[in-house]
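The values are calculated or read from the model by the stated rules, or taken from the named source; none is laboratory data. Bear in mind that the values here come from a model prediction, so they are computed numbers and not experimental data. Note: ideal-geometry Cβ built from the backbone for every residue, glycine included; neighbour counts use all protein chains shown. Accessible surface is based on the protein model in full, side chains and every heavy atom, while ligands, DNA and RNA are left aside. Shrake-Rupley method; radii C 1.70, N 1.55, O 1.52, S 1.80 Å.
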Amino acid sequence: MRAAVLRAGHFVEDEVPEPPSPGPGQVVAQTLATGVCGSDLSAARHTEDFLAASRDSGTGSFLFDPDADLVMGHELCARVLSPGEWQGKVVVGLPWALDATGTLRTIGYSTVFPGGFGERVTLQEAALVEVPGHVPPRVAALTEPLAVGFGNVARAAQDPGTGAVVIGAGPIGLGATAALVERGVAPVVVSEPSPRRRELAARFGAHTVLDPAVRDPFDAWREASGSGRSPTVYECSGRPGMLNTILHRAPRSTRVMLIGACMTEDVFRPVVGIYKDITVTMCMAYPPEEFARTLDRIADGRVDAAALITGEVGFGDVDAAMAALAHPDDHVKVLVRP
């Protein structure tokens, strides 16, 4: 099958082997649209750091052979080809598949299970959600990144009326912003360098949107809240040094949800957070039901997922798209369409 292959640090269009034949509880599906994730860019540019984090944490689901061809893409929408109850249905799903040893692998970060930057994928039936007929596949593909934001806000279980600061307004930060507004959390302050992403954060309901080069988000939160209560911070940027900045700038007793993944080693001063009694939660898992609920929000128009799409490319242009995503003023979400 045709695919965009990560090979020697660059993406090239080429023929690759078909995905593995489906085992029990699995299907083969034809990819329709796949989002390029910031984690894809990190894994391509910082491959050794990405793999070291997987090994050091004992997380086998993200391990792959760095010397072999890799077909990325886990934010996908596809049409099921395998016979059975799913045949012909357009689906999204949590990007997991069990290999022959029973190990859970992440589609797109596996040498065995190619991702959505190829024409076909093997998917786990239990992870699938059917896409309503009126939702275009290109829009449904935004379910996975938005669900990370919605899911971790659900995990934090913030009460209405309490304030929040969102650092970074990429797809995950925008999902978190929409989720906070949905829960009645106020004020919601979003900090984002990109004008395009700041505009989207305002459309998604943020009460205050700012450029951190011009205004400190915690000063803005203090001015907007006027309550003396501490906010919950959703760090969605993954920028090196950001946790240390938060520890120094956040009010006492702040809770930090660390969602954005910094792939390189980082430095922070723990004693600052200790003295201020700051709680840091490092976020990987979230309630799985939030995935289907996020698709419901997209389907009924509560979330304008289409507004995030700023580019669409074929397999041959994935390398150029990755280079463009290094400049966040240019794009929010680029889709790969076979």
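Quick look at the values:
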{"read-out": "Region 83-162 versus region 206-283: alpha-carbon centroid distance in Å", "value": "29 Å"}
{"read-out": "ARG337 paired with ARG7, simple spin-label distance in nm, labels 7 Å along Cα-to-beta-carbon", "value": "2.6 nm"}
{"read-out": "Peptides 90-97, 230-237 ordered by average Cβ neighbours within 10 Å, highest first", "value": "230-237, 90-97"}
{"read-out": "Region 1-140: relative contact order as a whole-number percent, Cα under 8 Å and 6+ apart", "value": "32 percent"}
{"read-out": "Only Lys, Arg (+1) and Asp, Glu (-1) charged, at Cβ; region 55-107 dipole about Cα centre in debye", "value": "260 debye"}
{"read-out": "Alpha-carbon centroids, region 166-189 and region 288-338: separation in whole Å", "value": "17 Å"}
{"read-out": "Label-point gap, in nm, between ARG302 and ASP330 - each point 7 angstrom along Cα→Cβ", "value": "3.5 nm"}
{"read-out": "Cα centre as origin, Lys/Arg/Asp/Glu Cβ charges: region 202-338 dipole, Debye", "value": "620 debye"}
{"read-out": "Charge sum, other residues only, whose C-beta stays under 11 Å from THR111's C-beta, Lys/Arg counted +1 and Asp/Glu -1", "value": "-3"}
{"read-out": "Cα-based shape type of region 150-257, given that a ≥ b ≥ c are square roots of the gyration tensor eigenvalues and the cut on a/c is 1.5", "value": "rounded"}
{"read-out": "Estimated [θ] at 222 nm from DSSP helical runs (n ≥ 4, -39500 (n - 2.57)) normalised by residues in the chain, nearest 500", "value": "-8500 deg cm²/dmol"}
{"read-out": "Accessible area expressed per residue, region 182-338, with surrounding protein chains retained (probe 1.4 Å, Å²)", "value": "48 Å²"}
{"read-out": "Nitroxide proxy distance, nm - points 7 Å out along Cα→Cβ at ASP159 and GLU223", "value": "2.8 nm"}
{"read-out": "By average C-beta atoms within 10 angstrom, highest first, the peptides 211-222, 171-182", "value": "171-182, 211-222"}
{"read-out": "Protection-proxy order for peptides 4-11, 260-267, each taking the mean of Cβ atoms within 10 Å per residue, highest first", "value": "4-11, 260-267"}
{"read-out": "Average Cα contact separation per residue, the chain, under 8 Å, 6 or more apart, as relative contact order %", "value": "18 percent"}
{"read-out": "Cα centre as origin, Lys/Arg/Asp/Glu Cβ charges: the chain dipole, Debye", "value": "1100 debye"}
{"read-out": "Accessible surface of the chain, 1.4 Å probe, proportion on carbon and sulfur as whole %", "value": "51 percent"}
{"read-out": "Net +/- balance of residues flanking PRO66 in space, Cβ distance below 15 Å, scoring K and R +1, D and E -1", "value": "-3"}
{"read-out": "Tensor-based shape of region 181-338 (alpha-carbon gyration tensor, a/c under 1.5 rounded, otherwise prolate or oblate)", "value": "prolate"}
{"read-out": "Inverse of mean 1/r across different Cα pairs in region 33-79, Kirkwood, Å", "value": "11.6 Å"}
